[in-house]
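Here's the structure, in structure tokens; my notes come after.
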Amino acid sequence: YLVRLKEQTSTKPIVLAIGLGGNIEGAVRQYLESHQLNMPIQNYYREGFIPSEQFSTILRELMRLRSQMTDLGITEAHPFYRGPVTFAMALGALMDNWVPVKLYEYHEGQYKLNFVLEKETVLGLGPAMVTASGDEMLRGL
């Protein structure tokens, strides 16, 4: 299932390079080039330490960005993220029930597709979420 979703690209995908603590656009471009993926990149980053007091401001900025992408008719999102784990949870909530989201993991110096979240999977209406190893995860609520 994941292999099929990984190989399929919808009509208007976008890559989100979100770096809290530094710019990750270079590493993301390297991944895209090495996998022959030609998608536009929306880069958002903040340098240095990001105190939690700034999270709500950053979330509002990312919500505006999501709204702009929705208005442009984006059909799938490929977020690449570097930053605090606590903010990653808020970022996940921001992407809930949006377009299919292909999530990547940074491990041993490179990115790899980890799993795909779809609206139906999150809501429990579709197949279980499947990891890259083929393991079935939670069916949703």
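Computed from backbone phi, the HN-Hα couplings of region 37-48 come to 9, 10, 9, x, 10, 9, 9, 9, 8, 9, 7, x Hz, rounded to whole numbers (Karplus: 6.51 cos²θ - 1.76 cosθ + 1.60, θ = phi - 60°; Gly and Pro given as x). Each peptide in 104-114, 22-32 was scored by the mean count of other Cβ atoms within 10 Å over its residues; highest first, the order is 22-32, 104-114. What the phi angles of region 51-56 give under the Karplus curve with 6.51, -1.76 and 1.60, with θ = phi - 60°, is a coupling list of x, 4, 5, 8, 4, 5 Hz, glycine and proline written as x. Using amide H atoms built in the peptide plane, which far-off residues or other-chain residues are under 5 Å from GLY19 H to H? Under 5 Å from the amide H of GLY19: ILE24, TYR44, TYR45, ARG46, ARG82. With all protein chains in place and a 1.4 Å probe, the accessible surface of region 1-110 carries 52 percent carbon and sulfur.
The values are calculated or read from the model by the stated rules, or taken from the named source; none is laboratory data. Worth saying up front: this structure is predicted, and the values here are computed from it rather than measured. When we count neighbours, we look across all protein chains shown, and the Cβ atoms used for this are built from the backbone with ideal geometry, even at glycine. Side chains are part of the model used for accessible areas, which takes the heavy atoms of the whole protein and leaves out ligands, DNA and RNA. Shrake-Rupley method; radii C 1.70, N 1.55, O 1.52, S 1.80 Å.
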